[in-house]
Amino acid sequence: MKAFSATRLRTGYTMVGVDAFLDRAAAELHRLHTLVRSVESGYRPDPSELVLRVTPTEISSTTFNPTRFLSGYCEQEVDDFLGVVAREFANLQKFMSAVAGAGRTGGRGLSYHAGITGPEVAGKLFTRTQLGVGYKVDQVNDFLDRVAQDLAVMHALVKSAGDGRQRDPGSFPACLAPADISAVKFDTTRFYGGYREYEVDDFLDFLEREFARVQDYLVVRSD
């Protein structure tokens, strides 16, 4: 369960409403990720399985009741996190639509969900802090540049593996592992604008899952 800062004596989103919606989104996200892995392994889904039960539009348009005198969730943190969730569902929706289209035309269907690209990682923007604690910008940017480069390499390997050529298992590059992403630490700054910590942490959580998915796919293809 995603953790948000609690408000006191100021407006926030009701915790019950946010938790209920995120529980529903998490269950659907788990179903879709499982389906993606199955499709990547050759499974041909029934068209009904490709229909999203939670859509990006629904996520973006969802509103929550406000609370002022009772503790609620920080509105900005919830809104930012929902933006990340909506983008992930949008990527999955594109994949499911492509799989459905391939099935209608009698094709073999897609075998790989590209997800986020290296340039998208390198170009990720975060909110700057003002007189508050934040991660040092240069450290975050340098690390995301490394992530972007590794992701581009892995996507190229997927493309190579998909065209029928055999790769030498020993040629697999020394890319970051998912655990490397979750373990990274950044120095913080208080009096100079840094990146909001929770925004960076949320994005790194997403990247960790993405690296795990792509590397799992490559391992299957290289066996």
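Laboratory data are not the source of any read-out in this text; all were calculated from the coordinates shown. Since the structure is predicted, the reported quantities are computational estimates derived from the model, not experimental observations. In this analysis, Cβ positions are derived from the backbone assuming ideal geometry, glycine residues included, and neighbour counts consider all displayed protein chains.
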What is the extension gain from ASP142 to TYR43, computed as 0.36 nm multiplied by their sequence separation minus the C-alpha to C-alpha distance, in nm to one decimal?
-> 31.8 nm
Expressed as an acute angle from 0 to 90° and rounded to the nearest 10, what is the orientation of the C-alpha long axis of helix 75-104 relative to the principal long axis of the chain?
-> 20 degrees
Under 10 Å, Cβ to Cβ, from CYS74 - net charge with Lys/Arg +1 and Asp/Glu -1 = -3
Name the most mobile residue of PRO178, PRO66, PRO56, meaning the one with the largest mean-square fluctuation, in a Gaussian network model of the chain with Cα contacts below 10 Å.
-> PRO66
Neighbour-limited loop hits for trypsin sites (Lys or Arg not before Pro), segment 22-53 (at most 11 other Cβ within 10 Å; DSSP other than H, G, I, E, B) | ARG53
Dipole magnitude of the chain, debye to nearest 20 (Cβ charges: Lys/Arg +1, Asp/Glu -1, about Cα centre) | 360 debye
With a ≥ b ≥ c from the Cα gyration tensor eigenvalues, square-rooted, and the rule rounded for a/c under 1.5, otherwise prolate when a/b > b/c and oblate otherwise, segment 25-147 is oblate
Residue-normalised 222 nm signal for the chain, counting each DSSP H run of n ≥ 4 as -39,500 (n - 2.57), nearest 500 deg cm²/dmol, is -19000 deg cm²/dmol
Scattering curve values for the chain, log₁₀ I(q)/I(0), Debye with Cα scatterers, q = 0.15, 0.16, 0.17, 0.18 Å⁻¹ | -1.10, -1.20, -1.29, -1.37
Lys/Arg Cβ at +1, Asp/Glu Cβ at -1, dipole of segment 1-119 taken about the Cα centre: which of SER5, CYS74, THR117 is farthest positive-ward?
-> THR117
